[in-house]
Amino acid sequence: MKLASLKNNTRDGQLVVVSRDLSRCIAIDDIAKTMQQLLDNWAGLAPKAEQVSKALNSGALDGEMAFNAQQCESPLPRAYQWADGSAYVNHVELVRKARNSEMPPSFWTDPLMYQGGSDDFIGPRDDIEAISTEHGIDFEGEVAIVTDDVPMAVSPEQALKKIRLLMLVNDVSLRGLIPNELAKGFGFFNAKPASSFSPVAVTPDELGDKWQDGRLHLPLLSTYNGQPFGKPNAGVDMTFHFGQLIAHAAKTRNLGAGAVIGSGTVSNKQGTEYGTAITEGGVGYSCIAEIRMIETIRDGKPSTAFMQFGDTIKMEMLDSDGQSIFGAIDQQVVQYKG
């Protein structure tokens, strides 16, 4: 089943079921008006929505509309919880190497995670508004899951059964603000503005054998200013699977239905020490910071600039037939006008 939230001048949007080929959609007000309402009673309402999905994919339905990602909010325009992990330890290792800092061994066994702002997500085709390019504007391509209610102290195996939806996410970061915030010893806040998610969220069964062991085994495609920038496989080099990330988030607290957990920046080691750009025959990167780290390690200083006003970033994931699974995040960076 594929789901989206259309803009309708409310905070939470209009829930629609989307056809598998992303061409058509239909509202299901008689089942649930919003994504959160569906998630709050998943066991009772999801089977009804699934019946609509099957009918939509089988043929035309009365009341269906053409699906337009331009009209989408993020699937959850706001959420009770947004926690982002760092499951690709290769990415973390690069950060430490660029700073000539040893990575603690515990990073391989205990996931990193921060609590992001979930009250104001950006629509997948809406502009990324930034105050200043001096803040070091960066994109971060990730996979995210949405949970059902999760009890405290859940095991990773039990946690996998609580995953209801998957999405893509652009976890926008302001790299220039991160060092001072981390130096305070209290974590990110200003350096992590609103994130954006793919137009469509999908249930795990839609992914077939590409969803295995709590990992999504497909390349995440990033196109920066119209040029291929990254295509690392999200199922490769993912040290912690989503069951482990959920269990970590729920170690000492319950998670409510609709909690969003991110994978962290998708990063492949590519069989080399540091990784390789697409232009050099590699799979590239899912953020600018990573190529800057490699430039620093290799050349002593970075040469790739962070995002400027007018820059564009597109993120997408295709199935084995080349069809978009989640729709594309496709955004431009603009100056915030207030």
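Straight Cα distances below 16 angstrom link residue 301 to the lysines 97, with same-chain residues fewer than 8 positions distant left out. This model, with +1 at the C-beta of Lys and Arg and -1 at the C-beta of Asp and Glu, gives the range 130-238 a dipole about its Cα centre of some 120 debye. Computed over the chain, the percent of Cα pairs more than 30 Å apart is 32.
Can you grab the distance from the C-alpha centre of the range 12-59 to the C-alpha centre of the range 198-273, Å, no decimals? After rounding, the separation between the Cα centres reads 23 Å.
Would you tally the net charge around residue 151, using a Cβ to Cβ cut-off of less than 14 Å, leaving residue 151 out, and scoring K and R as +1, D and E as -1?
On the way: positive: 161, 162, 251, 253; negative: 148, 149, 157.
In short, +1.
Taking all Cα pairs closer than 8 Å and separated by 6 or more residues, the relative contact order of the chain comes to 23 percent.
Please compute, over every Cα-Cα pair in the range 91-169, the percentage with a separation greater than 17 angstrom. Distances greater than 17 Å cover 69 percent of the Cα pairs. Largest to smallest in accessible area, the residues 50, 140 fall in the order 50, 140 (1.4 Å probe, all protein chains included). Restricting the range 177-227 to trypsin sites (Lys or Arg not before Pro) that sit in a DSSP loop and have at most 12 other Cβ atoms within 10 Å of their own Cβ leaves 184. Taking loop as defined by DSSP and a crowding limit of 15 other beta carbons within 10 Å, which trypsin sites (Lys or Arg not before Pro) in the range 41-108 fit? Taking the range 41-108 and a limit of 15 other Cβ atoms within 10 Å, the loop trypsin sites (Lys or Arg not before Pro) found are 99. Apolar share of the accessible surface for the chain: 48 percent from carbon plus sulfur atoms, 1.4 Å probe. Residues whose amide H falls under 5 Å from that of residue 24, counting only those 5 or more places apart or on a different chain, are 19, 67, with hydrogens built in the peptide plane.
For residue 231, the lysines whose Cα falls under 18 Å of its own Cα, not counting residues fewer than eight places away in the same chain, are 210, 269, 314. Of 91, 248, the residue with the largest accessible area leads and the full order is 248, 91 (1.4 Å probe).
Placing 324, 58 in order of accessible area, with the largest value first and a 1.4 Å probe, yields 58, 324. For the range 242-331, trypsin sites (Lys or Arg not before Pro) meeting the loop criterion (DSSP other than H, G, I, E, B) and having at most 13 other Cβ atoms within 10 Å: 251, 253. Under a cut-off of 20 Å between alpha-carbon atoms, report the lysines in cross-link reach of residue 48, not counting same-chain residues fewer than 8 places apart. Partners found: 2, 33, 161, 162.
First check a/c for the range 133-269, with a ≥ b ≥ c the square roots of the eigenvalues of its C-alpha gyration tensor; if it is under 1.5, answer rounded, and if not, answer prolate when a/b is larger than b/c or oblate otherwise. Let's see the in-between values first.
Numbers: a/c = 1.98, a/b = 1.21, b/c = 1.63.
Oblate, since a/c reaches 1.5 and b/c is not below a/b.
Note that the chain presents 44 Å² accessible area per residue, ligands and nucleic acids not counted, probe 1.4 Å.
Taking a point 7 Å out from the Cα of residue 253 in the direction of its Cβ, none of the residues of the range 35-69 has a backbone N less than 16 Å from it.
So what is the relative contact order for the range 197-338, in percent, with contacts set as C-alpha pairs under 8 Å and at least six apart?
27 percent
Listed by number, the DSSP H helices of the chain that run 18 Å or longer by alpha-carbon position along their axis and have mean Kyte hydropathy of at least -0.5 are 42-58.
Using only DSSP helix segments of four residues or longer, with each worth -39500 (n - 2.57), what per-residue ellipticity at 222 nm results for the chain after dividing by its residue count and rounding to 500?
Value at 222 nm, helices only: -5500 deg cm²/dmol.
Placing pseudo-labels 7 Å out from each Cα toward the beta carbon at residue 10 and residue 58 gives an inter-label distance of 2.9 nm.
Extension gain, residue 295-residue 106: 0.36 nm per intervening residue step, less the Cα-Cα distance, totals 65.4 nm.
The values are calculated or read from the model by the stated rules, or taken from the named source; none is laboratory data. The model shown is predicted, which means the values in this text are computed figures rather than measured ones. Positions of Cβ are backbone-derived with ideal geometry, glycine not excepted, and every protein chain shown enters the neighbour counts. Ligands, DNA and RNA are excluded from the accessible area calculation, which covers all protein heavy atoms including side chains. Shrake-Rupley method; radii C 1.70, N 1.55, O 1.52, S 1.80 Å.
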